[in-house]
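Everything below concerns the one structure shown next.
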Amino acid sequence: MAFLEISNLQKDYAGNRVVENFNLAVEQGEFISFLGPSGCGKTTVLRMVAGFETPSAGSIRIDGKDVVNLKPNQRNIGMVFQAYALFPNMTVAQNLAFGLKVAGKSKAEIESTVQEMLALIKLEELGQRYPFQLSGGQQQRVALARALAVKPKLLLLDEPLSALDAKIRVSLREEIRSIQRKLQITTIFVTHDQEEALSMSDRIVVMHKGKADQLGTPFEIYNQPKTRFVASFVGTINVLEGVVTNPQTGSFKLNGTELSLGRSLSKLKMGDSIALALRPEAASLGQVARKAGQLQGIVQDVNFLGSVIRVRVKVGESVLSLDGFNQPLVAPPKAGAQVIVSFSPEELLVLAD
Amino acid sequence: MNFWRSNRFWAWIALSFGILYFALPLIGTFEFSLRMKRGEYSLEAYRVILGDPRFQATFLYSVMMALLTIVVGVLLVVPTAYWVRLKLPRWRPVVEFITLLPLIIPAIVIVFGYIRMYNTSSALPLTGSAFGTDILMVAGYTVLALPYMYRAVDTGLRTLDITTLTEAAESLGANKITILAKIILPNVLVAILSGAFLTFAIVIGEFVFAALLNRPAFGPFMQLIGANRAYEPAALAVIAFSITWLCMGLMQLVTRLQQHTQVKQFR
């Protein structure tokens with residue numbers, strides 16, 4: 001049995017279903033991210049796990065115990081919020097000690113745990129400061145330490161990095177992951193930032209319209225998206241529409257050219273239309289011998305992004321994005337130039353709706 | 001621009017008129033209160049008033065009533081305002097309207113209502129004993145102070161993200177009473193103090209409740225002295241004004257303190 005088991009979870013608000021048939025099994029020590037756009041239900045699921053929302057149906061089991069009927073303060077869950085939520089009237093040390101005092105721990109134990117937590121977040125010298133005297137990044141580290149001080153069974157992080165600026169966000173996400181690995185605490189991280197989810201998680205749940213569209217490792221989510229939504233939400237995609245010519249061999253026709261995916265399309269039959277996704281980095285400009293897929297187009301615009309150059313090419317009615325590394329000795333194409341876009345058909349992703 | 005035609009000129013005129021309108025009667029009262037001894041200015045009227053045992057008894061009684069009213073008001077208003085903001089935000093306008101009712105309904109109507117409801121032939125004969133009447137007095141004063149106390153506390157709560165703070169505390173194992181006592185109350189203390197000073201100022205000079213419920217409060221004493229003496233009522237008026245001003249000054253001070261903290265918090 002998994003450490004956290006969410007089964008058939010459902011949440012309705014005034015007849016509107018915001019979470020539908022959500023299932024998840026999380027192993028102890030795992031770092032899981034809920035990734036999705038605003039309103040997809042990711043925070044609602046997290047809040048149901050925390051006990052701040054009551055499910056309309058379904059069960060939540062933590063370490064084998066059904067917690068649906070337990071109050072938030074009975075679940076032994078640590079939570080970190082986007083808005084830090086440090087108690088303004090208490091110093092950093094008092095914030096860290098709050099949960100321990102509520103739990104009735106001895107003075108000596110509280111003192112040693114507070115010191116341990118301050119050392120964990122590398123803020124030993126700031127114990128006597130008040131929250132308003134700290135930067136956003138420091139406040140969020142204190143919030144993390146406060147949640148961990150009570151040794152919770154589960155750590156819930158509700159978009160903890162969203163309020164921080166880009167540089168601190170990157171350093172703090174590395175710090176959070178490193179602390180999580182060190183303590184081996186089972187963690188659920190809610191975010192709408194795909195880069196955060198991809199870089200931090202053991203597994204990602206991509207959520208869409210209250211449902212889990214796909215559950216998988218970051219590699220699987222990025223490279224083998226199961227739905228059109230997952231493919232488009234995680235990273236950038238170009239969607240190509242083809243027609244199946246031989247489902248057994250995976251052959252299809254694209255812009256009049258017959259190509260093969262190199263794998264069977266068992267669920268489709270001849271003549272079916274097929275949506276195929278092409279990642280910008282999987283396509284190249286110009287003819288490439290080993291890439292059988294070739295499309296002719298006109299360069300629409302060129303965006304220089306530093307290490308990467310993004311070229312948008314108009315092919316027929318659609319516009320494809322291509323990413324290539326910047327090569328200082330090779331000038332990028334100019335807008336209006338006629339080019340060939342090459343790709344390996346085997347790298348195309350078949351999208352289900 | 002010509003000074004005489006500028007806005008500043010008219011602003012100074014308006015300010016001077018306001019100062020004269022408010023200050024002249026007070027200066028006149030103060031000056032009169034110093035003339036008890038013929039031919040010289042003295043503090044004789046103040047000495048007589050402050051030395052009067054009835055002044056000490058009634059003032060002490062009203063201070064006690066004010067402090068009890070503040071305690072009851074805080075116990076009633078803080079959890080209510082907190083709960084309404086946390087769980088019943090749609091009911092806020094209704095609760096606000098109820099708290100404003102004492103400004104619309106005169107104190108005399110409230111006190112007659114109390115006398116009818118709690119007289120000696122009623123099921124709860126509170127007016128039958130001094131202690132029971134004191135309970136009615138505190139209840140009545142709490143109602144009178146409700147608009148000020150509620151508004152002060154509600155404004156204080158508005159500066160806090162109470163939902164997230166409550167959830168953070170709950171996730172750390174705290175129950176609602178701990179959250180109220182350890183997190184909400186200390187964070188709205190400045191707002192509570194501001195409401196408390198207003199309450200104190202209202203209760204200390206209140207006349208209607210004390211006179212109709214026949215309790216030895218400072219308000220009826222001021223009326224009694226005013227009806228029978230010449231110089232002492234002027235001294236008493238200056239003392240009462242000073243107490244009110246002290247309360248207002250302290251309120252301003254704590255409000256500034258609160259603003260200072262807020263600026264720091266959002267820096």
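The values are calculated or read from the model by the stated rules, or taken from the named source; none is laboratory data. It should be emphasised that the depicted structure is a prediction, and the values quoted were computed from it without experimental measurement. No Cβ is skipped: glycine too gets one built from the backbone with ideal geometry, and neighbour counts run over all protein chains shown. Protein only, heavy atoms only, side chains kept; ligands, DNA and RNA dropped before computing areas. Shrake-Rupley method; radii C 1.70, N 1.55, O 1.52, S 1.80 Å.
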Inset, instruction - Test each condition in (1) closer than 30 Å to A:Lys11 by Cβ; (2) open to solvent by less than 30 Å² (accessible area, probe 1.4 Å); (3) not in a strand (DSSP E or B) for A:Gln214 and report the one that comes out false. - result: (3)
Legend entry - Options A:Glu159, A:Glu195, A:Glu124; residue that is open to solvent by less than 60 Å² (accessible area, probe 1.4 Å) and either of a type in the set (Asp, Glu) or in contact with a Cys (Cβ under 8 Å, 6 or more places away or on another chain) (or both): A:Glu159
Legend entry - Filter result for the condition that a residue is among the basic types (Lys, Arg), within 14 Å of another protein chain (Cβ to nearest Cβ) and under 28 Å from A:Glu27 (Cβ atoms), over A:Lys105, A:Lys153, A:Lys101: A:Lys153
Inset, instruction - Hey, can you tell me all the residues within segment A:180-206 that are over 8 Å from the mean Cα position of the chain (by Cα) and outside any strand (DSSP E or B)? - result: A:Gln180, A:Arg181, A:Lys182, A:Leu183, A:Gln184, A:Ile185, A:Ser199, A:Met200, A:Asp202
Inset, instruction - Might you let me know whether segment B:190-204 holds any residue that is within 14 Å of chain A (Cβ to nearest Cβ), at pLDDT 90 or above, open to solvent by less than 10 Å² (accessible area, probe 1.4 Å) and within 30 Å of A:Gly51 (Cβ to Cβ)? - result: no
Inset, instruction - Please work out if A:Phe252 is of a type in the set (Phe, Trp, Tyr) and either free of Cβ contacts under 8 Å to residues at least 24 places away in the same chain or within 13 Å of A:Ser344 (Cβ to Cβ) (or both). - result: no
Inset, instruction - Determine if segment B:120-128 includes at least one residue that is in contact with a Phe, Trp or Tyr (Cβ under 8 Å, 6 or more places away or on another chain) and either within 14 Å of chain A (Cβ to nearest Cβ) or among the hydroxyl-bearing types (Ser, Thr, Tyr) (or both). - result: yes
Legend entry - Unmet criterion (only one of (1) within 19 Å of A:Leu46 (Cβ to Cβ); (2) open to solvent by less than 20 Å² (accessible area, probe 1.4 Å); (3) modelled with pLDDT of 95 or more) for A:Val142: (1)
Legend entry - Positions within segment A:311-333 being modelled with pLDDT of 90 or more and open to solvent by 60 Å² or more (accessible area, probe 1.4 Å), in sequence order: A:Arg312, A:Lys314, A:Phe325
Inset, instruction - Looking at (1) part of a helix (DSSP H, G or I); (2) open to solvent by 10 Å² or more (accessible area, probe 1.4 Å); (3) more than 14 Å from chain A (Cβ to nearest Cβ); (4) in contact (Cβ under 8 Å) with a residue 24 or more places away in the chain, find the lone condition where B:Arg215 falls short. - result: (1)
Legend entry - Matching residues, segment A:301-326, being over 31 Å from the mean Cα position of the chain (by Cα) and without any contact (Cβ under 8 Å) to a residue 40 or more places away in the chain: A:Glu317
Inset, instruction - Considering only residues that are more than 7 Å from chain A (Cβ to nearest Cβ) and over 13 Å from A:Asn89 (Cα atoms), look in segment B:170-179 and name the one that is least open to solvent (accessible area, probe 1.4 Å). - result: B:Lys176
Inset, instruction - Being hydrophobic (A, V, I, L, M, F, W, C) and either in a loop (DSSP other than H, G, I, E, B) or farther than 14 Å from B:Glu232 by Cα (or both) is the filter here, so list the residues in segment B:35-57 that pass it. - result: B:Met36, B:Leu43, B:Ala57
Inset, instruction - Test each condition in (1) surrounded by fewer than 17 Cβ atoms within 10 Å (Cβ to Cβ); (2) over 18 Å from the mean Cα position of the chain (by Cα) for B:Leu160 and report the one that comes out false. - result: (1)
Legend entry - Conditions (1) open to solvent by 40 Å² or more (accessible area, probe 1.4 Å); (2) under 22 Å from A:Ala2 (Cα atoms); (3) among the aliphatic types (A, V, I, L, M); number of the one not met by A:Ala108: (2)
Legend entry - Failed condition for A:Val170, given (1) modelled with pLDDT of 95 or more; (2) more than 9 Å from chain B (Cβ to nearest Cβ); (3) open to solvent by 10 Å² or more (accessible area, probe 1.4 Å); (4) out of contact with any strand residue (DSSP E or B) (no Cβ under 9 Å at 6 or more places or on another chain): (1)
Inset, instruction - Name every residue in segment A:29-62 that is open to solvent by less than 30 Å² (accessible area, probe 1.4 Å), part of a strand (DSSP E or B), away from chain B (no Cβ under 14 Å) and touching a Phe, Trp or Tyr at 6+ places or on another chain (Cβ under 8 Å), in order of residue number. - result: A:Phe31, A:Ile32, A:Ser33, A:Phe34, A:Leu35
Inset, instruction - Look through segment B:80-138, keep the residues that are among the hydroxyl-bearing types (Ser, Thr, Tyr) and open to solvent by less than 50 Å² (accessible area, probe 1.4 Å), and return whichever of them is nearest to the chain's Cα centre (by Cα). - result: B:Thr99
